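Here is the structure we will look at.
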Amino acid sequence: MYDVCGSIVLYKNDPKIASKTIESFFNTPLKVFLYLIDNSPDDSLKILAHYTNNLEYVFVNKNIGFGAGHNIAIRKAINNAKYHLVLNPDIYFNNGVLEEIFSFMENNHDVGLLMPKILYPDGRIQYLCKMLPTPLDIFLRRFLPFKKIIEKRNERYELRFTGYDRIMNVPYLSGCFMFLRNSVIKEIGAFDERFFMYFEDTDLTRRIHRKYKTIYFPYVSVIHCYGKESYKKFKILLIHIMSTFIYFNKYGWFFDQERKDINFKLIHDKNFLYPDLKLG
């Protein structure tokens, strides 16, 4: 029985950057096991599998998407560990991070998902805690050319007004680092594989949030070499748009009472946003 199993989905990644992620994961006294799920067109990234015996490389031989890739690992690991860490291949962090998160989760059994503070390599905060999105949020952020209007809306949508310096119960956390309680995943389910990429993290956080706390934990931080691929490649933009339609078709475009209630609480109920939890 492992303390934490982790998974990294690969697709033609820079092996030097992915190596830092793998090294970060294994830099802990916790009992850990890692799955590398390779969606690349060839298995050249198999060279990353040499680190330890506590690692399994799975070559999928086609690009099945982010959520579906992680689901392969989650199905393999769910009965073999207390927790599962969904990890991007461009994340790295210091020793002690996993231990502190593990301790916090052990002391707060009503937490189903945790994301730490996420930083750019230059130390700036990545604002990855969000309200549940409306169609207008997505449209304005992607297509509106007026930066001041977008920044004003992001102050609320990305919960920037909180200062990102306290533990928060957030309904939409980024998929770049998702520390999941496996007993909750057994109950709620893993990623919805209809999302090839984008919104699978929104969907999973939202489903967990219905019954458990989904926590932003600022007392440890990780570095994320974030790229915003949909702003650079037209094909990725089309995938983003497709996922947007899947998400709003699932939950509702303009009539989504659950979204309305949760977002209202985020702004008006401090006990909801800032839950009373044990630090360990």
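Enumerate the pairs (first residue in the stretch 244-272 and over 15 Å from Phe161 (Cβ atoms); second residue anywhere and part of a loop (DSSP other than H, G, I, E, B) and of a type in the set (A, V, I, L, M)) with beta-carbon separation below 9 Å, excluding pairs fewer than 6 apart on the same chain, so at least 6 apart or on different chains.
Matching pairs, first to second residue: Tyr251/Leu132; Asp256/Leu132; Glu258/Leu132; Arg259/Met131; Arg259/Leu132; Lys260/Leu132; Ile262/Met131; Ile262/Leu132.
So Leu238 clears everything in (1) within 18 Å of the chain's Cα centre (by Cα); (2) of a type in the set (A, V, I, L, M); (3) surrounded by fewer than 19 Cβ atoms within 10 Å (Cβ to Cβ) except one condition, right? Which one?
Unmet condition: (1).
To keep it simple, each residue is scored yes or no on (1) at pLDDT 95 or above; (2) on the phi > 0 side of the Ramachandran plot; (3) more than 18 Å from the chain's Cα centre (by Cα); (4) of a type in the set (A, V, I, L, M, F, W, C).
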residue	(1), (2), (3), (4)
Tyr127	yes, no, no, no
Thr134	no, no, yes, no
Arg142	no, no, yes, no
Asn154	no, no, yes, no
Pro171	yes, no, no, no
Leu180	yes, no, no, yes
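Among (1) more than 25 Å from Lys278 (Cα to Cα); (2) in contact (Cβ under 8 Å) with a residue 40 or more places away in the chain, where does Asp110 come up short?
Exception for Asp110: condition (1).
Of the residues that sit in the stretch 68-81 and are more than 12 Å from Leu10 (Cα to Cα) and not hydrophobic (A, V, I, L, M, F, W, C), which one is surrounded by the fewest Cβ atoms within 10 Å (Cβ to Cβ)?
Top of the filtered list is Asn79.
The values are calculated or read from the model by the stated rules, or taken from the named source; none is laboratory data. Here the structure is a predicted model, which is why all the values come from computation and not from measurement. When we count neighbours, we look across all protein chains shown, and the Cβ atoms used for this are built from the backbone with ideal geometry, even at glycine.
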